[in-house]
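Step one of this worksheet: look at the structure below.
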Amino acid sequence: MSAKLDTTGPTGLSELDRPNSYIGRSVPRPNLTRLTQGRGQYVSDVVLPRMGHVAFVRSPHAHARIVSIETAAAKAAPGVIAVVTGRELAGVCTPWIGVLTHLKGLKSAPQHPIAIEKASWQGEAVAAVVAQTRAQAEDAAELVAVDYEELPVVTDMETALDPGTPVIHPELGDNLAWERLHVAGDPDAAFASADHVIEATFGFGRHTGVTLEPRAVVADYNAGDGRLTVYQATQAPHMIQNILAKHLDLPESQVRVLCKDVGGSFGIKVHVYADEVATAALSKLLRRPVKFVADRIESFVTDIHARDHRVKGRIGVMNDGTITAFEIDDLTGIGPYSMYPRTSAIEANQVVNFTGGQYTCPNYRALARVVFQNKNVTCQYRAVGHPIACSVTEGLVDLAARRIGMDPVEIRRKNVIPDDAYPCQSSAGMKFERLSHQAALEKLLDMMDLEALRADQAEARRRGIHRGIGIASFIEVTNPSAAFYGVGGARISSQDGVTVRMDAQGSIHVASSVTEQGQGAEAVTAQVVATAFGVPIERVRVVTGDTDNTPYGGGTWASRAAGIGGEAAWQAGKVLRGNVLSVAGAILQAQAENLDIRDGLVVDAETGRERMPLDEVARIAYFRPDTLPPGVQPEFVATRHYVPKRYPFAFTNGIQGSYVEVDAETGFIKLLKHWCVEDCGTILNPQLVDEQVRGGIVQGLGPALYEHCLYDEHGQLLNGNMADYLVPMAFEMPDIEVGHVSTPTGESELGAKGAGEAGTAGAAAAVMNAVNDALAPFGVVLTSIPMTPERVLRALGRV
Amino acid sequence: MTPRPLSFMVNGETVRLLVDPRRHLGDVLREDLGLTGTHLGCEHGVCGACTIRLDGEIVRSCLTLAVQCEGARVETIEGLSDSGEVADLQEAFRNRNALQCGYCTPGMIVTAQDLLLRHPEPTREEIREHLSGNYCRCTGYHAIVDAVAATAAGRTAKGSAAA
Ligand code: FES
Ligand code: FES
């Protein structure tokens, strides 16, 4: 499919219509051929001379004092290079506390790369064994004898704040990490005067990212240079550089972070993990390269988990369908520490920020409480907070519609913020530049052919087959400014930079501070630079993920690579074009403004007539500068940085639809079809946007139906492997239709907003509403995900 | 655990090694032979990232002990790429953006090729079913199904043009 650019946008879009523009075209990504041939280089593939492999001894208990650690037998085992405890590692690495100052009152305890006094969740590392092979390291790890004194375990977030519950970090006083209350309008009055008030409690199970390549790091401290080189699958190389330098007592300039191919991230690989810092510290301690690759079991107990929220929600509605108030009480358990440095309070914060944000309703009360527990830590994973806010909002809206006998489409038509009401602000205080809820809704209905679906549903119902239709609109936060982390004191950059350079054959070398984990950031960067500068895309080569060789920047997270990194690339490409044309003008004795670069040639801007090829300009500049007029100094390199300034975030919006079949005998839910309309502003590459949306949707469907980290009351993860933790596979997933509305942001010339989390934001809500539609004749409503067969049967009273 | 001699054919080359009996084929391919196109995602037989061809059948190299492969013929993504056998599948994956991070892709392509050799004209359902042992976290599968279907159609068209 081809996307048409919306040329009615507020600024400079005509610039994008340059001849031979790649903007809006589905250009295949340049790095795919190598990956299809198995010729990628992932961190797990990296091998260095003298490299040791680390295996961690991990606590089998969720909460236990470490009484003693006996390492002699392990040290004597074959191939062992070193056995290191937390206390020993503390000599080369300082601890950290995962708080941000703008999340007022957020507290957490100091965390060490390897636990010293006590282990606070099952899986926390208590010792490290480095050996010549991973197998030897694992063998020796079994010989490390740790004497534990078990401590009372806090698992249930509902009782975490009760006076009788033990406090995990006594020095903090209680198990409350953070709390936020937000009130807008007059919710009490609105509820009191509403024709109906509907309440429901929603549950969001803990789940995790399950990147196919587990977390991996190779740290190489060269004592000769005093320099640490770290190959790490990370979304934020400069952030990792800063953190490692800070805690290993090195200047940032002596830490180089390299990020090659990454086997999936989704937020899992944007955090600072204790075992990864430990690997770097071990390299410094042992003065040789050390490699850590989490195995799948370790991934389940140490990769951040997400969600684990219980939300009590209320909605007030009038008989005519006007929504008058929303209220939520969100409780979330984040594990024993707030994750470093992004903290584990952001998800709850976003739930408060986004609930009800699609609607005009001015009255809102939200309470969020974030509590500690002895489970693995939770933190930001794809679509942070969005699926929760969306499912609560859209679940309540459907319940309200049902109560007053209104069509779910009608109640949304009546209450969404109208497309002509922008700019405006939500009741949570979110600033919206321009969204398109109405257009997106109508487009979705078209794509779904709602009438035909309803006919099919009715016909199936007559045969005793229960099908349901659900829709869910959502907002998505993208292109974050410093408002996310920088204002809270974290050294996480919100700006990005791109350097472009013309080589001696007229090819373009691009170095960008955003990173590539499969979403196509490099491809989009190449498209943008090729268009801005004027060369065929084959002549553009993009490098990312190297703190020595790219400008300083944030990386790729929170749907920012295309919108922020892309704009920097656009600006840099334009500057380089100007630089090259001024030299070409000097050679051709023409005015630079009358020239242009198109398809790799310097041409007359007016007529398009060829004046000289780029490689000729490059040849003269690099090899015969003596022939240039006096005073002409070619500068064939340009750098530009970009950060949005007018809005803290570029909000986007969209809507999803789901058609499901529920088997009332077995409780199985079959996904028949899924639709999504989203609005990411200017679409730089339609195919990449569509595939981001599809992949994101499936990451929302998994937790809706299957994915759940199940803990017992002792804090033991019961299903920490891929056989027992169910992920979506090809057979269960539906075909997914994706459509677009395009409302470019006026902040940048490109007008692109993010698209990476739209799919995940609304998928579960659409399915939940569809399941409840299917089950409507039974008079039951499901409000907790995953909606497992057991939960369906329980709701139906059949087990 | 004494290392045992192992002699087998990998991508058309005879290889002789000494390997610990406990090591699985995936590790030996990756670590001893540098064939890092075979990926490890779970090492317990669920994700399919490590899929290779052993004597013409697809197997999970993480569930296959290297010493079981004495005298066997092993083909990995590197071999299948260089012989050109899966070139059209690779092209279809690229054009359809049927990979994002690419970590599942070698296993997907080996598995898809197995399907197309057995069933040259599979339905979408059959494609989804055959790929159901291969986990992909990035794509949501739709694009992969499209790419395999497009390859099947391309091969069928070519076959009937030749006939
Ligand atoms: S690594 Fe072999 S199936 Fe997952
Ligand atoms: S492309 Fe990343 S796992 Fe499939």
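The values are calculated or read from the model by the stated rules, or taken from the named source; none is laboratory data. Keep in mind the model is a prediction, meaning the values are calculated, not measured. Note that we place each Cβ from the backbone using ideal geometry, even for glycine, and neighbour counts take in every protein chain shown. Ligands, DNA and RNA are stripped out before the accessible areas are found, and what is left, the full protein with its side chains, is counted by its heavy atoms. Shrake-Rupley method; radii C 1.70, N 1.55, O 1.52, S 1.80 Å.
Any residue that is open to solvent by less than 10 Å² (accessible area, probe 1.4 Å), within 16 Å of ligand 1 (Cβ to nearest atom) and more than 26 Å from A:Glu516 (Cβ to Cβ) - is there at least one of those in the stretch B:71-84? Yes. Just one of A:Ala766, A:Ala730 is assigned by TED's automatic domain parsing to the domain that holds A:Asp420, modelled with pLDDT of 95 or more and under 26 Å from A:Phe432 (Cβ atoms); which is it? Only one candidate passes the filter, namely A:Ala766. Among the residues making up the stretch B:41-63, those that are surrounded by fewer than 20 Cβ atoms within 10 Å (Cβ to Cβ) and outside any strand (DSSP E or B) are B:His44, B:Gly45, B:Asp55, B:Gly56, B:Leu63. Scan the stretch A:238-254 for residues that are part of a helix (DSSP H, G or I) and either polar (S, T, N, Q) or out of contact with any strand residue (DSSP E or B) (no Cβ under 6 Å at 6 or more places or on another chain) (or both) and the total you get is 10. Quick check on the stretch B:81-97. Is at least one of its residues within 9 Å of another protein chain (Cβ to nearest Cβ) and touching a strand residue (DSSP E or B) at 6+ places or on another chain (Cβ under 9 Å)? Within the stretch B:81-97 (the criterion being within 9 Å of another protein chain (Cβ to nearest Cβ) and touching a strand residue (DSSP E or B) at 6+ places or on another chain (Cβ under 9 Å)), the answer is no, since none of the residues qualifies. Given the condition under 21 Å from A:Leu445 (Cα atoms), within 11 Å of chain B (Cβ to nearest Cβ) and open to solvent by less than 30 Å² (accessible area, probe 1.4 Å), answer yes or no: does some residue in the stretch A:713-736 qualify? Yes, the conditions are met somewhere in the stretch A:713-736. With respect to the stated conditions, A:Pro536 is over 18 Å from the mean Cα position of the chain (by Cα) and not β-branched (Val, Ile, Thr). There is at least one residue in the stretch B:143-157 that is at the interface with chain A (Cβ under 8 Å from one of its Cβ atoms), under 16 Å from B:Tyr103 (Cβ atoms) and within 19 Å of the chain's Cα centre (by Cα).
Quick check on the stretch A:576-605: of everything there that is under 21 Å from A:Val510 (Cα atoms) and part of a loop (DSSP other than H, G, I, E, B), which residue is least open to solvent (accessible area, probe 1.4 Å)? Here the answer is A:Gly600. Looking at the stretch B:93-122 only, could you name the residues that are under 23 Å from A:Val727 (Cα atoms), over 15 Å from the mean Cα position of the chain (by Cα) and more than 12 Å from ligand 2 (Cβ to nearest atom)? None; the set is empty. So, B:Leu25, is that one crowded, with 20+ Cβ neighbours inside 10 Å and more than 9 Å from ligand 1 (Cβ to nearest atom) or not? Yes: the conditions hold for B:Leu25.
Looking across the stretch A:25-53, just one residue is of a type in the set (Val, Ile, Thr) and open to solvent by 70 Å² or more (accessible area, probe 1.4 Å), and that is A:Val47.
Residues in the stretch A:509-568 that are open to solvent by less than 10 Å² (accessible area, probe 1.4 Å), over 20 Å from A:Met239 (Cα atoms) and among the hydrophobic types (A, V, I, L, M, F, W, C): A:Val510, A:Ala523, A:Ala526, A:Val528, A:Val529, A:Ala530, A:Ala532, A:Phe533, A:Val535. Checked against (1) at pLDDT 95 or above; (2) under 19 Å from A:Leu32 (Cα atoms), A:Glu516 meets all criteria but (1). The strands (runs of 3 or more DSSP E) found entirely in the stretch A:116-211 that carry 2 or more residues being open to solvent by less than 20 Å² (accessible area, probe 1.4 Å) are A:125-131, A:176-184, A:196-208.
Cβ-Cβ distances below 6 Å connect the following pairs, each with a first residue in the stretch A:507-529 that is within 14 Å of another protein chain (Cβ to nearest Cβ) and among the polar types (S, T, N, Q), a second residue that is open to solvent by 10 Å² or more (accessible area, probe 1.4 Å) and away from ligand 2 (no atom under 16 Å from the Cβ), and a separation of six or more residues or different chains: A:Thr515/A:Thr544; A:Gln527/A:Tyr22; A:Gln527/A:Val27. For the stretch A:757-774, the criterion of a residue being farther than 28 Å from A:Thr302 by Cα and open to solvent by 10 Å² or more (accessible area, probe 1.4 Å) is satisfied by at least one position. Restricting the stretch B:64-88 to residues that are of a type in the set (A, V, I, L, M, F, W, C) and under 14 Å from the mean Cα position of the chain (by Cα), which is nearest to A:Leu35 (Cα to Cα)? Checking each candidate, the answer is B:Ile77.
The residue that is farthest from the other protein chains (Cβ to nearest Cβ), among those in the stretch B:24-54 that are charged (D, E, K, R) and in contact (Cβ under 8 Å) with a residue 12 or more places away in the chain, is B:Arg53. When the stretch A:255-274 is limited to residues that are outside any loop (DSSP other than H, G, I, E, B) and within 21 Å of the chain's Cα centre (by Cα), the one that is nearest to the other protein chains (Cβ to nearest Cβ) turns out to be A:Asp261.
Restricting attention to the stretch A:39-72, the residues that are free of Cβ contacts under 8 Å to residues at least 24 places away in the same chain and more than 14 Å from chain B (Cβ to nearest Cβ) total 1. Only residues that are open to solvent by less than 20 Å² (accessible area, probe 1.4 Å) and more than 9 Å from chain A (Cβ to nearest Cβ) were counted in the stretch B:109-121, giving 7. Considering the stretch A:681-799, the qualifying helices (runs of 4 or more DSSP H), each wholly inside and each with 2 or more residues that are within 30 Å of A:Leu16 (Cα to Cα) and under 23 Å from the mean Cα position of the chain (by Cα), run over A:686-705, A:758-774.
For A:Asp303, the criteria (1) under 29 Å from A:Val727 (Cβ atoms); (2) touching a Gly at 6+ places or on another chain (Cβ under 9 Å); (3) open to solvent by 10 Å² or more (accessible area, probe 1.4 Å) hold in every case but one, which is (3).
Within the stretch A:790-797, one or more residues are among the small types (Gly, Ala, Ser), away from chain B (no Cβ under 14 Å), open to solvent by 40 Å² or more (accessible area, probe 1.4 Å) and over 22 Å from B:Ser132 (Cβ atoms). Here the condition is being within 21 Å of A:Trp557 (Cα to Cα) and open to solvent by 40 Å² or more (accessible area, probe 1.4 Å); of A:Pro648, A:Pro686, A:Pro703, it holds for A:Pro648 alone. Spot the failing condition for B:Gly48; the list is (1) within 16 Å of ligand 2 (Cβ to nearest atom); (2) at negative phi; (3) not β-branched (Val, Ile, Thr), and only one is missed. With (1) within 16 Å of ligand 2 (Cβ to nearest atom); (2) at negative phi; (3) not β-branched (Val, Ile, Thr) applied to B:Gly48, the lone miss is (2). Among the residues of the stretch B:125-141, those that are more than 7 Å from chain A (Cβ to nearest Cβ) and open to solvent by 10 Å² or more (accessible area, probe 1.4 Å) comprise B:Glu125, B:Glu126, B:His130, B:Gly133.
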